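Okay, structure first, notes after.
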Amino acid sequence: MKKQNILKGVLFVGIGASIYGMLATFVKLAYHDGFTTSEVTTSQFVLGLAGLLILNIIQTLTSKKKLSLPSSKEVRMLMLAGTSLGGTSLFYYIVIP
């Protein structure tokens, strides 16, 4: 069971890295078409939020377990991770053009 979890984690990290790497291509194409950094970042946020909402709805409908609210420590950790990733993306997109 433990090997399966490690393999699943490696697979998820690899998929996430490849998706994050593909973003640079889409950003370059968007800049080539005349979009600004704020437009690209906003569209990434909106599409990501929509994707997470869809996944949340699917999980809520298919899960038999009652989901609990995150603790304040978990919320702070998520906010730190989100702002770090958002800042990285923003500065990365500013440098690409």
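The values are calculated or read from the model by the stated rules, or taken from the named source; none is laboratory data. If you're wondering where the values come from, they're calculated on a predicted model, not measured in any experiment. Cβ sites come from the backbone with ideal geometry, for glycine too, and all protein chains shown count toward neighbours.
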**OP:** Among the numbered conditions (1) at pLDDT 85 or above; (2) of a type outside the set (V, I, T); (3) under 21 Å from L90 (Cβ atoms); (4) surrounded by 10 or more Cβ atoms within 10 Å (Cβ to Cβ), tell me where L53 comes up short.
**Re:** (3)
Subject >> Scan of the range 23-41 for residues that are exposed (fewer than 12 other Cβ atoms within 10 Å of the Cβ) and either among the hydroxyl-bearing types (S, T, Y) or within 16 Å of V95 (Cα to Cα) (or both), ordered by number >> reply: T25, L29, H32, G34, S38
